[in-house]
Every structure is written in structure tokens, then in C-alpha cells.
Amino acid sequence: MSVTKQQVLDAFHFRCATRYYDPARKISKDDFDYILELGRLSPSSVGSEPWQFLVIQNPELRQALKPVSWGMATQLDDASHVVVILANKNMRYDSEDFRENLVRRGLTEEQIQTNMATYQRFQTEHINVLENDRTLFDWASKQTYIALANMMTGAALIGIDSCPIEGFNYAEVNRILAQTGAYDAEKYAVSVAATFGYRAKDIRPKARKPLNEIVHWIE
């Protein structure tokens, strides 16, 4: 199936940061599986795939998050789906997770060693993300935003609303979610969140800078 440029542009105009959802409308399993698949299929730097997706549907857990999540306090009750995207805290070139990604690509041991040497130079010299744990985590978090954008755009293409969220106390949200035992808190931490559903209110038209203010051609 082909999608026209106008259909994509219409989806981008439709998409907005939705703060209020219709609690009576829920996303079907088929549609939300599609949104999650868009996250899974997203690109990431050197194919690192440093993410996990927590779908928070438990009402009690949502209520526990509300006092420390001011950015989605109006959404936790009514959003059809709440997703917290985790980033891998130790996505070093020589980590087991990194190696598993190379094995998954079907590389030989010799090819794996060659790739690891390349990624070592990349991480230590070119992008310099091994200064400390925070710089490495921030690099992994950047990748999660690619998945986040693809999920929101793909949702808009089928008429589903969403909202990206950083407005919460990261330490507290990490603590609350870690207590669920849903993931390895030694390996992962919260990067960003998003809510999905169907808007309950009309949204104001987009206000964006004109193209000539943000694009500079170098010819």
C-alpha cells in the first residue's frame, strides 16, 4: 500500500500534544500492536536498539505515578495507553547487549570483532560518550526519541492521538517502576514517556516557524 505525500502531511498537521483524552474510547489491540511495532522497527545509532517499552495499563500504578508526573497528570486517568520508554544504561561497544545485537545480524566472529573495534573508536574518540555513565545513558536516550517520534507519527496516520512527556520526577518514576519488577533496573532507566488515545477537546492550529527561518541551503 502506498501513502501519498499529502496523507503524510495531513497526519503531521493532525498530530498534536494531546493533554485531554476521551476515556470512553480505547485503542484496539491490533492498532496498538502496530504502534509498538513502529517503535521496534525504528533505527538507532549503530543498530544499538537500546530500548524497552513499558505499557502502563494498571490503574493503581498509574495513580502511584500521578503525584510525581505533573506532565501527564491530566492524562493518566483517561489515556487509552501510557508508554514509558527505557534506555539501556550500559550500551558500551564491549557490552554483552551490544554483542548480542551483532550476533542477531548474523555476523561471523571475525566480523563481530571488526565491528566492535569500529564502535570502540566511535564511542571513545568520535562521539565521546564513555566519559561517564551519564553521557552513555544520554546517548542511548537519544535513540529512544527516534522510536518515540515514529510511534507518534504512525499513530497520527491512523487517527490516534498522542503526547510526548518529560514532565515528571525521573528519580521517583524510576523508583516506582523498578518496584514492579518489570525490568532490570540495574540495566535500564526511564528516558521518556508518551500517552496515546483519542482527543477529548479540539486542538488549536499548529504554530510553527516558517521554513525559511529554519532551513539554510549550503550549495
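Among residues of segment 121-139 that are touching a residue at least 60 places away in the same chain (Cβ under 8 Å), those with a beta-carbon under 8 Å from a residue that is among the small types (G, A, S) and open to solvent by less than 100 Å² (accessible area, probe 1.4 Å) at least six positions away or on a different chain give the pairs W139/S45.
Among the numbered conditions (1) open to solvent by 70 Å² or more (accessible area, probe 1.4 Å); (2) without any contact (Cβ under 8 Å) to a residue 40 or more places away in the chain; (3) under 30 Å from S28 (Cα atoms), the only one that K142 does not meet is (2). Looking across segment 12-35, the residues that are of a type in the set (A, V, I, L, M, F, W, C), part of a helix (DSSP H, G or I) and under 16 Å from the mean Cα position of the chain (by Cα) come down to F32, I35. With respect to the conditions (1) out of contact with any His (no Cβ under 7 Å at 6 or more places or on another chain); (2) assigned to a loop (DSSP other than H, G, I, E, B), L54 falls short on a single one, namely (2).
Exactly one residue out of A147, A156, A178 is open to solvent by less than 30 Å² (accessible area, probe 1.4 Å), of a type in the set (G, A, S) and closer than 22 Å to E49 by Cβ, and it is A147. Taking only pairs six or more apart or across chains, which ones have beta-carbon atoms under 6 Å, a first residue in segment 207-219 that is farther than 18 Å from R15 by Cβ and in contact (Cβ under 8 Å) with a residue 24 or more places away in the chain, and a second residue that is among the aromatic types (F, W, Y) and in a helix (DSSP H, G or I)? Close Cβ pairs satisfying both conditions: none exist. Right, R92: under 19 Å from A156 (Cβ atoms), at pLDDT 95 or above and open to solvent by 30 Å² or more (accessible area, probe 1.4 Å) or not? Criteria not met by R92.
The values are calculated or read from the model by the stated rules, or taken from the named source; none is laboratory data. Source: prediction; values computed, not measured. Every residue, glycine as well, gets a Cβ built from its backbone with ideal geometry; the counts of neighbours run over all protein chains shown. Note: areas computed on protein heavy atoms with side chains; ligands, DNA, RNA excluded. Shrake-Rupley method; radii C 1.70, N 1.55, O 1.52, S 1.80 Å.
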